[in-house]
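**Student:** Before we start, here is the structure in question, set down as structure tokens.
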Amino acid sequence: MPRPPLSSRHATLVGLIAIVLWSSVVGLIRSVSTGLGATGGAAMIYTLGALLLALTAGFTPLRDIPRAYLGWGSLLFVAYEWCLSLSIGYANTAQQAIEVGMVNYLWPTFTLLAAIAFNGQRANGLIVPGVLIALAGICRVLAGEQGLDLAGMLTNIQSNPLSYGLAFLGALLWAGYCTVTARMARGRNGITLFVVLTALSLWAKYFIMGGEPMHWSLSTGIHLAFAAAAMGLGYGAWNVGILHGHVTVLAGASYFTPVFSAALAAALLQVPLTPAFWLGTGMVCGGAVLCWLATRGRAAHPEP
């Protein structure tokens with residue numbers, strides 16, 4: 001007997017679970033990549049995550065997934081996962097990995113902007129200060145103890161433009177993926193397939209372009225298991241949330257992820273974070289909350 005579909009409230013709660021799981025991802029990816037390399041570590045995480053998703057969520061038949069979503073969804077998802085995992089793996093230090101993770105957390109703000117631009121979501125004037133405060137928060141994080149210092153921020157970025165650039169691009173890509181899923185998926189869940197494609201593409205990069213040697217240890221294996229669980233179950237839960245729940249509620253709640261993520265990563269990687277970093281993190285969250293409030297109670301325009 002088929003299961004009844006989830007109510008919007010229950011689907012939203014499932015999506016909130018994903019936010020809790022994601023809070024641990026930055027520190028775990030960094031720990032795994034330290035032992036297995038940026039590409040090899042990411043490939044292992046997504047391979048185990050795909051296996052976990054296959055066992056728990058299963059596969060949606062390809063014929064049931066709208067063709068447009070199959071193409072755009074898989075492209076945006078795989079590209080984002082590359083940006084997320086490799087930006088953290090390529091970071092020069094654990095401190096930089098946490099900063100890179102913070103840049104990635106611009107995606108909730110970008111998601112709401114994309115919903116306004118492409119899905120007809122209405123917003124009031126709070127959206128402008130919200131975006132500006134979130135961006136200023138990232139500048140504060142990257143500038144370190146120098147305050148809102150453009151020169152200091154650029155110096156920090158120039159120390160590893162690849163990691164910071166991938167993180168920023170990833171924030172844009174994930175906003176695009178959420179927008180495409182809400183618009184094109186028609187209630188179909190392709191997350192297991194997308195994670196499998198991510199794993200296969202990372203293994204292709206590892207074997208074709210060459211990856212760092214893998215150095216296994218007990219702690220690396222434990223962190224790999226936790227990372228795969230957080231990744232697999234987190235994305236499975238998130239897709240249920242954005243397919244059947246309240247997207248703006250999920251985006252609003254996700255604005256607090258940077259705080260939990262930074263705290264967990266700092267504890268796991270044993271990196272002390274400065275008051276300037278926490279101030280910047282608070283600005284990212286606060287700006288994102290303003291963006292969320294700007295859309296509260298304002299329904300999207302109906303689809304043509």
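**Student:** Dividing the convex hull volume of the alpha carbon atoms of segment 8-295 by its residue count, what do you get in Å³ per residue? Provide the component values of the computation, followed by the final result.
**Tutor:** Details: hull volume 33.4 nm³, N = 288.
Once divided by residue count, the hull of segment 8-295 is 116 Å³.
**Student:** Let me ask something additional. Compute the Rg to Rh ratio over segment 182-269 from the alpha carbon atoms, using the Kirkwood formula for Rh, and round to two decimal places.
**Tutor:** Expressed as Rg/Rh, it is 1.04.
**Student:** While we're on this one: Which value at 222 nm does the chain reach when only helices count, each DSSP H run of 4 or more adding -39,500 (n - 2.57), with the total divided by all residues and rounded to the nearest 500 deg cm²/dmol?
**Tutor:** Working: 14 runs with 230 residues, N = 304.
After summing the helix terms and dividing by residue count, I get -25000 deg cm²/dmol.
**Student:** What helices does the chain hold that run 20 Å or longer along their axis, going by alpha-carbon atoms, with a Kyte-Doolittle average of 1.0 or more, using DSSP H for the helix calls?
**Tutor:** 8-22, 38-56, 127-143, 161-184, 191-209, 218-244, 275-295
**Student:** For segment 36-88, just run the numbers: alpha carbon Rg, then divide by 2.2 N^0.38 Å, N being how many residues it has.
**Tutor:** Rg over 2.2 N^0.38 Å, computed on Cα atoms: 1.31.
**Student:** Suppose we flag trypsin sites (Lys or Arg not before Pro) only when DSSP calls them loop and at most 14 other Cβ atoms lie within 10 Å. Which is the longest uninterrupted stretch of the chain?
**Tutor:** Free of exposed loop sites, the longest segment is 1-121.
**Student:** If neighbour count is taken as other Cβ atoms inside 10 Å, put GLU81, GLU212 in order from fewest to most.
**Tutor:** Ordered from fewest to most neighbouring Cβ atoms within 10 Å, GLU81, GLU212 come out as GLU212, GLU81.
**Student:** Which part of segment 151-177 falls in the paramagnetic zone of THR93, meaning amide N under 20 Å from the point 7 Å along Cα-to-beta-carbon?
**Tutor:** What the label zone holds, given the 20 Å backbone N cut-off, is 151-167.
**Student:** Right, here's the next one. Reported to two decimal places, what Rg/Rh ratio describes segment 75-224 when computed on Cα atoms with Rh from the Kirkwood expression? The partial results should precede the final answer.
**Tutor:** Details: Rg = 17.7 Å, Rh = 17.3 Å.
Ratio of gyration radius to Kirkwood radius for segment 75-224: 1.02.
**Student:** Still on this structure, please answer the following. Most fluctuating residue of THR281, THR47, THR93 in a GNM of the chain with Cα springs under 10 Å: which is it?
**Tutor:** It is THR93.
**Student:** Arranged by the count of other C-beta atoms within 10 angstrom, fewest first, what order do LEU86, LEU52 take?
**Tutor:** Listing LEU86, LEU52 from fewest to most nearby Cβ atoms yields LEU52, LEU86.
**Student:** Moving on. Among PHE260, PHE110, what is the fewest-to-most ranking by other Cβ atoms within 10 Å? Intermediate results must be reported in sequence, preceding the final value.
**Tutor:** On the way: PHE260 14, PHE110 23.
Fewest to most other Cβ atoms nearby, the residues stand as PHE260, PHE110.
Readers should treat all values here as calculations from the given coordinates under stated rules, not as data from a laboratory. Just so it is clear, the structure is predicted and the values come from calculations on it, not from any experiment. Methodologically, a virtual Cβ is constructed for each residue, glycine included, from the backbone with ideal geometry; neighbour enumeration extends over all protein chains shown.
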